[in-house]
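Heads up: the structure comes next, in structure tokens.
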Amino acid sequence: MSESPTTSPTLPDGWTSVEPTEADIPDLVTLLRLHEEEARGFPGADSENVAAEVTGRGARTHTHLLVRDDQGKARAWISCHDRAKGRVLVGITVDHHFDPELADMTAEFSFAKAKEYSIQIGAERGLEVTQMDSGAFKEDKRQARWLTETGFENVREWWQMSRPTEPGDENAVGTLREGVEIRRVERNDTDKLPTERDLRDVHYVLEESFADHFNSYRETFEEFLGRLREDPGHRWDHWWLATVDGKPAGAVVAAALTGRVDSAGNPKADASYVDYIGVHKRARGRGVAKALLNTVIADAAERGRGSVALEVDADSPTGADGLYTSMGWKTSYITQSWHKDVNVSAS
């Protein structure tokens with residue numbers, strides 16, 4: 001498979017590609033779960049999260065295309081997420097259970113469409129160049145081959161870690177160091193929504209904390225809030241703010257993982273997921289990160305959840321992986337980031 005500058009890849013005769021609707025959600029979930037099982041070893045996708053991206057709150061920042069063969073079977077799903085100015089998250093899911101040659105043809109079409117959508121998004125943003133950021137499971141050699149052949153470069157690995165809750169975790173926070181305080185974001189008395197001041201403090205602390213991290217892209221306050229609220233697991237009472245000597249110094253944003261099933265269709269225990277945790281440079285070395293993590297652990301235990309999951313950069317400049325390991329987290333599987341810059345203005 002290779003990109004052609006003069007001709008656009010096509011699908012076999014009788015195949016179709018359409019923007020998915022609510023009626024297509026079950027087929028998308030099936031396609032994604034089969035892909036996860038083949039590429040990672042177990043499925044995780046559910047209809048609530050897929051629907052959120054395709055027809056729910058996330059639809060406004062996502063572009064999707066569903067490919068069906070001449071018998072109407074779902075064979076591929078292309079997803080492009082306008083993640084931030086200059087960065088498009090690209091998801092390419094191709095059925096593992098059909099002819100390899102047809103799979104290659106479908107992948108070529110899918111990556112070409114993803115590039116087309118990324119250029120459109122970049123143009124709407126007024127950019128000359130935008131980044132296509134695609135992911136893959138580390139053991140998925142087929143996806144790695146397609147990404148390489150279409151000009152992507154493997155730039156990073158991420159450890160997907162999980163820690164079971166244990167008896168006594170309700171008291172995990174313990175005594176904080178002098179000057180350190182942790183609390184949930186404050187709510188307005190009228191509408192019970194978080195105060196803008198606290199939300200802006202969370203946004204500020206996280207933006208500053210990740211400014212020197214790999215592939216950091218600044219998000220506006222509105223983009224930040226809008227994206228996190230698109231997640232079906234979003235809960236305002238899973239947002240915490242840390243202060244040191246009275247100043248905003250750290251934050252954690254978590255989400256609820258509920259309604260999950262295993263490969264046999266059996267219910268899985270609910271869990272908490274750490275979307276973001278960050279500590280401002282000026283507050284590092286004061287035990288803030290550990291205290292924030294313990295806050296999430298205690299909250300999960302109080303809710304009767306079975307575990308707390310998170311993602312960590314395998315090459316984290318802060319050595320976060322060492323902290324997580326020391327607190328009981330273990331790597332479940334590894335994902336990769338693959339990047340490709342596309343010239344918007346030339347297209």
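Derivation of every value follows stated rules applied to the coordinates shown; laboratory data play no part. Quick caveat, the model's predicted, so the values are computed rather than measured. Positions of Cβ are backbone-derived with ideal geometry, glycine not excepted, and every protein chain shown enters the neighbour counts.
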> For Arg57 and Glu128, FRET efficiency with R0 = 35 Å and r from the beta-carbon atoms, rounded to 0.05?
Replying inline: 0.70
> Which whole-number percent is the relative contact order of the chain (Cα, under 8 Å, 6+ apart)?
Replying inline: 23
> Computed FRET efficiency, Cβ-Cβ of Thr10 and Glu153, R0 22 Å: what is it to the nearest 0.05?
Replying inline: 0.25
> If you take every DSSP beta bridge whose two residues both sit in the chain, what share of them, in percent to the nearest 5, is antiparallel?
Replying inline: 90
> For the range 166-305, what relative contact order do you get, as a whole percent, if you take Cα pairs closer than 8 Å and at least 6 residues apart?
Replying inline: 30
> At each listed q (0.13, 0.21, 0.24 Å⁻¹), what is the log10 of I(q)/I(0) that the Debye formula gives for the range 246-347 modelled as equal alpha-carbon point scatterers?
Replying inline: -0.61, -1.18, -1.40
> Taking the range 299-347, how much of its Cα-Cα pair set, in percent, is spaced more than 16 angstrom apart?
Replying inline: 61
> When the dipole is taken about the Cα centre of the chain, and only Lys, Arg (+1) and Asp, Glu (-1) are charged at their Cβ, what size is it in debye, to the nearest 20?
Replying inline: 980
> What's the angle, to the nearest 10 degrees (0 to 90), between helix 288-302's Cα axis and the longest principal axis of the chain?
Replying inline: 80
> Given labels modelled 7 Å from the Cα in the Cβ direction, how far is it in nm from Glu208 to Lys73?
Replying inline: 5.5
>> Would you report the distance distribution of C-alpha pairs in the range 1-140 as whole percents per 5 angstrom bin, up to the bin with the largest distance?
In response: 2, 10, 19, 22, 22, 16, 8, 2, 0
>> What is the angle, in °, between the Cα long axis of helix 25-40 and the longest principal axis of the Cα atoms in the chain? Nearest 10 is fine, range 0 to 90.
In response: 80
> So how tilted is helix 196-209 from the main axis of the chain? Cα-based, degrees 0 to 90, rounded to 10.
Replying inline: 70
> At 222 nm, what helix-only mean residue ellipticity would the chain give, in deg cm²/dmol to the nearest 500, using -39500 (n - 2.57) for each DSSP H run of four or more?
Replying inline: -9500 deg cm²/dmol
> For the range 166-305, what D do you get in µm² per second when you plug the Kirkwood radius from alpha-carbon pairs into Stokes-Einstein at 4 °C and 1.567 mPa s?
Replying inline: 81
>> So if I place +1 on the C-beta of Lys and Arg and -1 on the C-beta of Asp and Glu, and nothing else carries charge, what would the dipole magnitude of the range 166-305 be about its Cα centre? I want it in debye, nearest 20.
In response: 280
> Summing Lys, Arg as +1 and Asp, Glu as -1, what charge do residues with Cβ under 15 Å from the Cβ of Thr21 carry, Thr21 excluded?
Replying inline: -4
>> Taking mean projected area of the Cα convex hull in nm² straight from the coordinates, which label in (i) 17.5; (ii) 19.6; (iii) 18.6 is the correct one?
In response: (iii)
> Among Trp15, Ala39, Ala255, whose Cα lies farthest out toward the positive end of the dipole of the chain, if unit charges sit on the beta carbon of Lys, Arg (+1) and Asp, Glu (-1)?
Replying inline: Ala255
>> On a straight-distance basis, which lysines could pair with Lys115 in a cross-link, Cα separation under 30 angstrom, same-chain partners fewer than 8 positions away excluded?
In response: Lys73, Lys85, Lys138, Lys141, Lys340
